[in-house]
Amino acid sequence: MSLPEIDLVVYPDECDAFGHLNQASFLSLFERARWEMLLRGPGMDVFTRVGSWPALRKTVIDYRAAAFPGDVLRFQQALTHHGRTSFTMRQTARRVQDDTLIASAEFVFVCIDRQGRPVPVPREFGEFMHAHPESSGNVQRLMVHGVNLAVEILGEGPPVMFVHGYPLDRTMWRAQLDGLTGFRRIAPDLRGMGQSDAPDLGYGMNIYAADLAALLDALAIEEVILCGLSMGGYIIFELLRTWSARVRGLVLMDTRAEADSPESRRARDTAASLARERGASAIADSMVPKLLSPETLADRPGVVDQVRTMITRTPVAGIVGALAAMRDRPGSESLLPTLAGIPTLVMVGESDTLTPPDQARALAQAIPGARLEVIPGAGHLPPLEQPDEVTRRLRDFLTALG
Ligand code: MLT
């Protein structure tokens, strides 16, 4: 079940001389939508009942299209971070008539008492927001390795853990999570992304890997098949350093074993500055064209929109943390020959320019017994760009593991 969507009408007195909804009014509509949502849930006094007030500390708004008097805007809200005393909400406003995305925004709140001291986020508020995960009823929030992770778990059978790329979230695996019945599908949002907590500090490939190892322990999983895309692959290499005895099979998609070159490291720092200064939407602007194949960009606006939305809702702390983790990751070339005992499938989009097919071929050749599959019509994100094809090929591989 989703959180209530709130429809609000734009009035002429909220618009500027050219008839556009003005920025101050936009802020107040976002705020009105939040209170309306609470009114339909735990009540508008959910904070004051416990002597707390959600003080707004930071706002990042990405204005994407103009709205005019008479437009009905549909506001959707999601909790993207829930700390002890602070929380972050992402809100989007779409015009109901044509479903145009008008604006998306991130609001960071700290709960304070009358003296301005931070106090815990009211339990009832957290329960209301978490009881309504965005995508489906299979999402759990699990506290592991000192971080609260959102984890989608579906089905019964041999466990398969799906590790998403940067700066994406578990919803990139939607088709595979829904389609691979007969397996226990586990898809976490990495720390700093999706609906998982986004601490300001403490990111590294070893940290992500330790989060996932702790998650598998918390779920009492002894043996697992790992499937990671791009940064998800970098994390899996890290996990394999200490954990390979528990890995039953491996799928490495659109990823590489090499560390960053000096030039790529500099590019990570530039991207981190961009994220800090201009927010996640600037990262989306620069990345979306590189992530998808020309076919996807031209013919599949729904996929383009989905990827853009995923990136735009990623907390800046998570983006900056992942960029530093990727910049500082060690090379994993020497690990590859040691994976001889693990059945491995290497997959790559035919038009992937970030980790091109030649790189995937070299990766497959370095892992004894690994097979390479190239997905036509896909760029860097085959699970989203060619969902049925990828699901079918994954099913074949997983089924053959027995
Ligand atoms: C990813 O998809 O995870 C990133 O493109 C990885 C990277 O930038 O190295």
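The values are calculated or read from the model by the stated rules, or taken from the named source; none is laboratory data. Fair warning: this is a prediction, and the values are worked out from it, not measured in the lab. Reconstructed Cβ throughout: ideal geometry from the backbone, glycine too, with neighbour counts over all protein chains shown. Side chains are part of the model used for accessible areas, which takes the heavy atoms of the whole protein and leaves out ligands, DNA and RNA. Shrake-Rupley method; radii C 1.70, N 1.55, O 1.52, S 1.80 Å.
Only a single criterion out of (1) away from the ligand (no atom under 16 Å from the Cβ); (2) free of Cβ contacts under 8 Å to residues at least 12 places away in the same chain; (3) within 23 Å of residue 374 (Cβ to Cβ) is not satisfied by residue 339, namely (2).
Taken as a whole, the structure places residue 118 among residues that are within 23 Å of residue 316 (Cα to Cα) and of a type outside the set (Gly, Ala, Ser).
Restricting attention to region 299-316, which residues are of a type in the set (S, T, N, Q) and either buried (at least 18 other Cβ atoms within 10 Å of the Cβ) or within 13 Å of the ligand (Cβ to nearest atom) (or both)?
Initially, region 299-316 is screened for residues of a type in the set (S, T, N, Q), giving 306, 309, 312, 314.
Residues satisfying the conditions are 312, 314.
Suppose we filter region 167-179 for residues that are under 21 Å from residue 345 (Cα atoms) and at pLDDT 95 or above; how many remain? Please lay out each step first, then the result.
We begin by selecting, within region 167-179, every residue under 21 Å from residue 345 (Cα atoms); these are 170, 172-179.
Subsequent filtering for residues that are at pLDDT 95 or above retains 170, 172-173, 176.
Adding up the residues that qualify gives 4.
Residues are listed down the side, and each one gets a yes or a no for (1) free of Cβ contacts under 8 Å to residues at least 24 places away in the same chain; (2) assigned to a loop (DSSP other than H, G, I, E, B); (3) open to solvent by 30 Å² or more (accessible area, probe 1.4 Å):
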residue: 60; (1), (2), (3): no, no, yes
residue: 65; (1), (2), (3): no, yes, yes
residue: 76; (1), (2), (3): no, no, yes
residue: 89; (1), (2), (3): no, no, no
residue: 98; (1), (2), (3): yes, yes, yes
residue: 104; (1), (2), (3): no, no, no
residue: 109; (1), (2), (3): no, no, no
residue: 115; (1), (2), (3): yes, yes, yes
residue: 120; (1), (2), (3): no, yes, yes
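Whether any residue in region 296-307 is of a type outside the set (D, E, K, R) and in a loop (DSSP other than H, G, I, E, B) is what I want to check. No, there is no match, as no residue in region 296-307 is of a type outside the set (D, E, K, R) and in a loop (DSSP other than H, G, I, E, B).
A quick yes/no check of all residues on (1) of a type outside the set (Ser, Thr, Tyr); (2) open to solvent by 10 Å² or more (accessible area, probe 1.4 Å); (3) modelled with pLDDT of 95 or more; (4) within 23 Å of residue 300 (Cα to Cα):
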{"position": "339", "(1), (2), (3), (4)": "yes, no, yes, no"}
{"position": "362", "(1), (2), (3), (4)": "yes, yes, yes, no"}
{"position": "374", "(1), (2), (3), (4)": "yes, yes, yes, yes"}
{"position": "385", "(1), (2), (3), (4)": "yes, no, yes, yes"}
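Quick check: is even one residue across region 128-148 of a type in the set (Lys, Arg), at pLDDT below 90 and surrounded by fewer than 21 Cβ atoms within 10 Å (Cβ to Cβ)?
Just the residues of region 128-148 that are of a type in the set (Lys, Arg), to begin with: 141.
With the extra rule that they be at pLDDT below 90, the set shrinks to 141.
Add one more test, that the residue is surrounded by fewer than 21 Cβ atoms within 10 Å (Cβ to Cβ), and what stays is 141.
Yes, the conditions are met somewhere in region 128-148.
Consider region 148-171 and keep the residues that are of a type in the set (A, V, I, L, M) and in contact (Cβ under 8 Å) with a residue 60 or more places away in the chain. The one that is nearest to the ligand (Cβ to nearest atom) is 168. Scanning region 345-384 for residues that are outside any loop (DSSP other than H, G, I, E, B), within 13 Å of the ligand (Cβ to nearest atom) and in contact with a helix residue (DSSP H, G or I) (Cβ under 6 Å, 6 or more places away or on another chain) returns 348, 349, 382, 383, 384. Please verify whether residue 296 is open to solvent by 60 Å² or more (accessible area, probe 1.4 Å), hydroxyl-bearing (Ser, Thr, Tyr), more than 14 Å from the ligand (Cβ to nearest atom) and on the phi < 0 side of the Ramachandran plot, treating the condition exactly as stated. It is false that residue 296 is open to solvent by 60 Å² or more (accessible area, probe 1.4 Å), hydroxyl-bearing (Ser, Thr, Tyr), more than 14 Å from the ligand (Cβ to nearest atom) and on the phi < 0 side of the Ramachandran plot. Give the residues of region 202-244 that are farther than 19 Å from residue 260 by Cβ, open to solvent by 30 Å² or more (accessible area, probe 1.4 Å) and at pLDDT 95 or above, sorted by residue number. Answer for region 202-244, where residues must be farther than 19 Å from residue 260 by Cβ, open to solvent by 30 Å² or more (accessible area, probe 1.4 Å) and at pLDDT 95 or above: 210, 223. Please verify whether region 317-326 includes one or more residues that are at pLDDT 95 or above, in contact with a helix residue (DSSP H, G or I) (Cβ under 7 Å, 6 or more places away or on another chain) and open to solvent by 50 Å² or more (accessible area, probe 1.4 Å). Within region 317-326 (the criterion being at pLDDT 95 or above, in contact with a helix residue (DSSP H, G or I) (Cβ under 7 Å, 6 or more places away or on another chain) and open to solvent by 50 Å² or more (accessible area, probe 1.4 Å)), the answer is no, since none of the residues qualifies.
Looking across region 152-167, the residues that are surrounded by 24 or more Cβ atoms within 10 Å (Cβ to Cβ), assigned to a strand (DSSP E or B) and of a type outside the set (D, E, K, R) come down to 160, 161, 162, 163.
The sole residue among 331, 379, 349, 402 that is of a type outside the set (A, V, I, L, M, F, W, C) and on the phi > 0 side of the Ramachandran plot is 402.
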